[in-house]
Every structure is written in C-alpha cells, then in structure tokens.
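Written out below as structure tokens is the structure these notes cover.
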Amino acid sequence: MPAVTLKLPEELKTRINDLAAAGGKSPHAFMVDALAAQVTREELRSAFVASALQARQDVARYGQVMEATDVHKWLLARAGGGKAVRPRARKLLK
C-alpha cells in the first residue's frame, strides 16, 4: 500500500490521537476509518443526486408524478409490515 503524507494542524492531530486512544485504535487506523467513512458518504450522496436528476428527467419526459402524502402513507405501511396499495401516478399540473 503506498504511503500518503498528511500535514495536520497540531490541534487536529491531538484530537485524532485522543479519540484513537479512547477507541483503542492507532491514529493511523482512526484516520483510515474516517477517510473510508467519508468516501462512502460521498459515494452515497453522488448516487442520490444522480437518482434525483434521473427522476427529474423522467418527470419532464413522462409528466407523471405521485402525491408525496400518498407515497409517505404507502412507505409507512410497507415499513410496518402491512399491505398497502401503491399510489397511482397522475399527470403533472403545470
């Protein structure tokens, strides 16, 4: 694995050292975990934005939408294990 050098402000280095010690990790392991978590968050955010942009294009193309309150009710019923009728799409009003 190639080495990477980070120049950290002394205050941040101290905070990392303290948190790593409290968690029973080396500062290196703490920083690797923190970087991996941040990369995962950014990947998820990027996928979410791409999905939202695709949904926006689909609405523009097909003009079909669902009422948010109907979708929320449906999701809550599904999450609770209940049966629910999927909301119907309707024409977008301009």
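The values are calculated or read from the model by the stated rules, or taken from the named source; none is laboratory data. Model, not experiment: these values are computed from the prediction. A quick note on method: Cβ atoms are made from the backbone with ideal geometry, for glycine too, and the neighbour counts reach across all protein chains shown.
A few comments on the model shown:
- Looking at F48, F30, just one residue is aromatic (F, W, Y) and closer than 30 Å to K91 by Cβ, and that residue is F48.
- Just one of the listed residues (T69, T14) is in the same structural domain as K91 (by TED's automatic domain parsing) and either part of a loop (DSSP other than H, G, I, E, B) or among the β-branched types (V, I, T) (or both), and it is T69.
- Among the residues of this structure, V49 does not count as one that is β-branched (V, I, T) and exposed (fewer than 10 other Cβ atoms within 10 Å of the Cβ).
- First in the stretch 64-89 and in contact (Cβ under 8 Å) with a residue 24 or more places away in the chain, second anywhere and aromatic (F, W, Y), Cβ under 9 Å, 6 or more apart: M66/W74; A89/Y62
- Residues of the stretch 43-65 satisfying the condition of being assigned to a helix (DSSP H, G or I) and touching a strand residue (DSSP E or B) at 6+ places or on another chain (Cβ under 9 Å): D58, V59
- Top-ranked residue in the stretch 60-76 [being surrounded by 12 or more Cβ atoms within 10 Å (Cβ to Cβ) and among the β-branched types (V, I, T); ranked as nearest to the chain's Cα centre (by Cα)]: V71
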